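Taking it in order: structure first as structure tokens, then the write-up.
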Amino acid sequence: GAGVSQSPRYKVAKRGQDVALRCDPISGHVSLFWYQQALGQGPEFLTYFQNEAQLDKSGLPSDRFFAERPEGSVSTLKIQRTQQEDSAVYLCASSLDRRITKQYFGPGTRLTVT
Amino acid sequence: GENVEQHPSTLSVQEGDSAVIKCTYSDSASNYFPWYKQELGKRPQLIIDIRSNVGEKKDQRIAVTLNKTAKHFSLHITETQPEDSAVYFCAASKGGSYDKVIFGPGTSLSVIP
């Protein structure tokens, strides 16, 4: 079956612009995670959804970051008024159920803020 | 909160030799420890995981060991091959109904033919 997909794969934004990054998890997966991966670093947790409920957003770096998953499937990560320090790869991952088990990652969106 | 450290940051081995990557974690409540492999420009993929009710787990050339008392766990790759070259990330979580997964900074493994 299809894996986790993300779009766009690459995004260049001018500082101050708003961006929206999309994640399509594996169908039926309950849990969805967003991570930020800076160059040469491990993925850093941003936020977690269980179906449509956002249970943890403690990793979002500022109030410019907002995520939603209104119908419990597709999720969108929005970054308002982008800054250069937002440049990173944004990874989405999904897992089958509520328990922490194998996460399936998407290919990521590489965001470059100029 | 949980903090995961990983060593070494880079590792070069000759093809056929073994590679060992070590991680430590800070939260004694963590009980789920996955390892992910990320090839250049690709997505992370789970290669093996271990839960705290076991001390060792093997899958062909890959093994993971866990020492809960010392709060460290290790990845062992035997008979390394060039296709094992990648960045490897360890991670830790409390597991259960939900807890965030905290990743280490990664180890870049190069297998020299």
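Restricting to Cα pairs below 8 Å that are 6+ residues apart, what does the relative contact order work out to for chain B? Please round to a whole percent. Mind dumping the intermediate values first?
Values: 281 pairs, mean separation 41.8, N = 113.
Here the relative contact order equals 37 percent.
Using alpha-carbon positions, what is the distance between the centroids of region A:21-96 and region B:63-97, in Å?
25 Å
Could you check which residue among B:Thr69, B:Thr80, B:Thr24 shows the biggest mean-square fluctuation in a GNM of chain B with a 10 Å Cα cutoff?
Largest GNM mean-square fluctuation: B:Thr69.
Taking the simple approach of a point 7 Å from Cα along Cα-to-Cβ for both B:Asn67 and A:Ala20, what is their distance in nm?
Each label point is offset 7 Å from its Cα along the Cβ direction, giving 5.1 nm.
Could you name the lysines in cross-link range of B:Lys37, using Cα to Cα under 27 Å and dropping any fewer than eight places away on the same chain?
Hits, sequence-local ones excluded: A:Lys11, A:Lys57, A:Lys102, B:Lys22, B:Lys57, B:Lys58, B:Lys68, B:Lys71, B:Lys94, B:Lys100.
So, counting K/R as plus one and D/E as minus one, what does the shell of residues with Cβ under 13 Å around B:Thr78 add up to?
Surrounding charge for B:Thr78 is -3.
Give me P(r) over the protein assembly as shown, computed from all C-alpha to C-alpha distances, binned every 5 Å, as integer percentages.
1, 7, 15, 18, 18, 17, 12, 8, 3, 1, 0
At a probe radius of 1.4 Å, what is the per-residue accessible area of B:Asp84, in Å² to the nearest 10?
Around 10 Å² of this residue is reachable by solvent.
Within a 10 angstrom radius of each residue's Cβ in A:88-99, how many Cβ atoms of other chains show up on average? Whole number is fine.
2
Dividing the alpha-carbon Rg of region A:67-114 by 2.2 N^0.38 Å yields what? All intermediate terms of the calculation are to be shown ahead of the outcome.
On the way: Rg = 13.1 Å, N = 48, 2.2 N^0.38 = 9.6 Å.
Here the answer is 1.37, to two decimals.
Once the whole set of protein chains is in place, how much accessible area is left on A:Arg98, using a 1.4 Å probe, in Å² to the nearest 10?
For A:Arg98, solvent-accessible area is about 140 Å².
In nm, to one decimal, how far is the modelled label at B:Val20 from the one at A:Val30, with both set 7 Å along Cα→Cβ?
If labels sit at B:Val20 and A:Val30, their model points lie 3.9 nm apart.
Sort A:79-87, B:86-94 for me by packing, meaning the mean count of neighbouring Cβ atoms within 10 Å per residue, highest on top.
Ranked from most to least packed, the peptides come out as B:86-94, A:79-87.
Keeping all protein chains in place and using 1.4 angstrom, which order do A:Leu111, B:Leu66 fall into by accessible surface area, from largest down?
Sorted descending by solvent-accessible area, the residues read B:Leu66, A:Leu111.
Rounded to the nearest 10 Å², what accessible area does A:His29 show when all protein chains are kept and the probe is 1.4 Å?
Ignoring ligands and nucleic acids, A:His29 comes out at about 20 Å².
Under the 0.36 nm per residue contour assumption, what length would be gained going from the current alpha-carbon distance of A:Glu71 and A:Gln84 to full extension?
Between A:Glu71 and A:Gln84, full extension yields an extra 1.5 nm.
Compute from the Cα atoms of chain A the Rg and the Dmax, the latter being the longest Cα-Cα distance, and quote both in angstrom.
13.2, 39
Amide H neighbours of A:Val12 under 5 Å, counting only residues 5+ apart in sequence or on other chains, H built in-plane at 1.01 Å?
Residues meeting the criterion, in which the H sits 1.01 Å from N, are A:Thr112.
Report, as an integer, the average count of C-beta atoms from other chains found within 10 Å of each Cβ along A:9-20.
0
Ratio of alpha-carbon Rg to the 2.2 N^0.38 Å globular estimate for chain B, to two decimals, please.
Compactness ratio reported: 1.02.
With label points built 7 Å along Cα→Cβ from the Cα atoms of B:Ala29 and A:Glu44, find their separation and express it in nm.
With each label point 7 Å from Cα toward Cβ, the separation is 2.3 nm.
The values are calculated or read from the model by the stated rules, or taken from the named source; none is laboratory data. The model shown is predicted, which means the values in this text are computed figures rather than measured ones. Neighbour counts are summed over all protein chains in view; Cβ atoms, including those assigned to glycine, are modelled from backbone coordinates with ideal geometry. We work out accessible area using only protein heavy atoms, side chains counted, and drop any ligands, DNA or RNA first. Shrake-Rupley method; radii C 1.70, N 1.55, O 1.52, S 1.80 Å.
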